[in-house]
Structure formats: structure tokens, C-alpha cells
Amino acid sequence: LAPLAALNEMHDVGMCALRLGCHFVVETLAHAKDKSLLPEWVRMLQMWLHRSPVACRWFLLQSEAAGWVRSLLLACTVSEMREKFAQLLLHAAAVLRPLELHLYPIAPLLPDTAPPVVVVTTSLSGSLEGTDEEEGEEEEPGMLDAGVRLAAHEDALAGGILTSPPKRARTDSSLPAPAASSSLAAAPQPELPAGLRLLGCLLDLLPEAPHHWRHFSHFFETALAMAQLGPEERGWMLRRRFASHLVDFYLADESPCVGLPAHLDEGRAAPRRARMGDKCTLPQLEHMVALLSLLARAAHRHEPVARTPLSL
């Protein structure tokens, strides 16, 4: 898998033409008042991408590195531009998928993607209690309806509904820092398949989505279409706790993750999250709900189901 820097150094005529065309569409035509030529340019770029998987990888990596995903799927206020850019992303991912599919089962997770187990229960008095794996620590969850219990299973692909973000590692100034192994430090990090890089970019942008609630429909539509490509994508999204982050996104200030130490900055209170919708307009969450439903149905718990007198 060639990195983006190596792809930018390719001086093939076709690659140079594709790079120039993509930069024109994203950086010039997207900001033009007259977008009548946009459909024709998108069809031409799709034709070039269909002929070259290398170009598809460059386009997906460049979209992430240059911030095109954020600017054209979240910040862009023109529906036609968001739709056409989403079509280019999905076309490139679909063309490249058969060539990178064999790397999906061994694709590494990005750093800090295995949050600790968080269990939120409701006591008999109606108060909420939160615990995690570390003994002797208490977490302060957010508001939740009585009787709701959210548990995250550490080893299952999608064992949990909601988990807290990664915690900061504890350090002791009296102890010397361990020396890093030269062999480990020099080991190169494996390149992630471009399709999974796109999914990781969408997940990283999820906290910004509430600020763009008026026009984030294509953002979730792209994530849903990526998940519908196959079980490999859904399995990787479950490993990244994508469903947990979607629930946290939807619950906003009522999420159990609000108020946990990982959300606080040196003792300061967690800031309130942006509210979605107003008196006249509701956020378009159809694709987000469809994505959450798809991931929930794709998850499998390995724990045996306890039988009750009401079991069939």
C-alpha cells in the first residue's frame, strides 16, 4: 500500500490529470456560483477513477489529509456539491475495495480505540451509578431514563452500546520513564487500507457533526453506504466502537459519557454540547439511525443467553 507522499510523486500523465481535475472540482468549482458543469466533471472523474485503483487510493487519502471530507461533507452548505463529492468517495472506495479486501482482517486499529468497560445501572432509589474495570473508581454518568442499563463488553466486536473514551494514562513523577526500545521505535506502522482510512476519518469528524446539523445528511449517508459495502467494513466499524459513538452523538448532554474523567480537562466541567434542531427544523437523522440499526444487527454477542420461565 503506497502512502500519500509516494502517490503525489507519481508523474504519470493520467495521475497528473486526475490530481488536477480533483483539485479543480474541490478547490475551484465547489466555490463557484455557477455549478452547471459539476455533473459533467464528476462523471469524468468517476471514469478516470474506474480505470485506476491507484488513483482511487490517492483520492481517498488526499480527501482525508487535505480536509476535503470535512469541508465538503459537513461544512459545505450546497446540497448538490455534498452529493457529488459523496458519489466520488463511494465510487473510489467501491473500485478499490476488491484489491484491499484481503487486508481488512489484519488491518490495525488506530491508537486509543479500545475504551474501558463502562456499566451504568439504576439503583433501587432511582439514582444512577457508574463503574468501570478499575476497582475503587466511581464515574459520574449523565442523565438516563430509569431502568436503562448500558454495558460495554471489552472483547466482543460490538459487545457494548456505549463506552467512555480512552482515559489518560497515569504517571508517577518519582519513577523514571521506561526507555523505548530502538527496535520498536524503528518499526514502521502498517498502512491502513484507504477505505478504512475513510471510515476512520468519518468517525473522527463525528464530534463536529452537531455543529453542522442543518446539512450533515450526506455525511451519515456516506458512512451508511460504506457500511453496506460488506461485512468486513461493518466488522471493522464495530471494532472501532462506531455504534457506541453514534449513541453518544445522539444523546448529547444526556449521554452517560458526559462527566466522566476522560471528558474533563484538569478538573474543569465538561462543556455543553451543541444542540441539534430548532423550533421549525429537525435534524435529518434518517441515515444515522439506519447506520446504527445496521451495525446493531451485524453485532453478535458470544455470551450465552440466560433462560427464563418466559423463554420459548
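The values are calculated or read from the model by the stated rules, or taken from the named source; none is laboratory data. On a predicted model such as this, the values are computed, not experimentally measured, just so you know. Cβ sites come from the backbone with ideal geometry, for glycine too, and all protein chains shown count toward neighbours. Heads up: the accessible areas ignore ligands, DNA and RNA and are worked out on the full protein's heavy atoms, side chains in. Shrake-Rupley method; radii C 1.70, N 1.55, O 1.52, S 1.80 Å.
Structure above, values below:
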| read-out | value |
| --- | --- |
| Segment 2-13 residues that are in contact (Cβ under 8 Å) with a residue 24 or more places away in the chain, paired with ones that are hydrophobic (A, V, I, L, M, F, W, C) and open to solvent by 70 Å² or more (accessible area, probe 1.4 Å) (beta carbon under 7 Å, 6 or more apart) | Leu4/Ala65 |
| Residue selected from segment 58-67 under the condition buried (at least 16 other Cβ atoms within 10 Å of the Cβ) and closer than 23 Å to Glu80 by Cβ, by the criterion nearest to the chain's Cα centre (by Cα) | Glu64 |
| Residue count for segment 204-234, restricted to those that are crowded, with 18+ Cβ neighbours inside 10 Å and of a type outside the set (Phe, Trp, Tyr) | 16 |
| Qualifying residue in segment 200-212 (condition: on the phi > 0 side of the Ramachandran plot and either charged (D, E, K, R) or at pLDDT 85 or above (or both)) | no |
| Top-ranked residue in segment 22-57 [being aromatic (Phe, Trp, Tyr) and modelled with pLDDT of 95 or more; ranked as surrounded by the fewest Cβ atoms within 10 Å (Cβ to Cβ)] | Phe24 |
| Residue within segment 295-305 that is modelled with pLDDT of 80 or more, under 14 Å from the mean Cα position of the chain (by Cα) and closer than 22 Å to Gly67 by Cβ present | no |
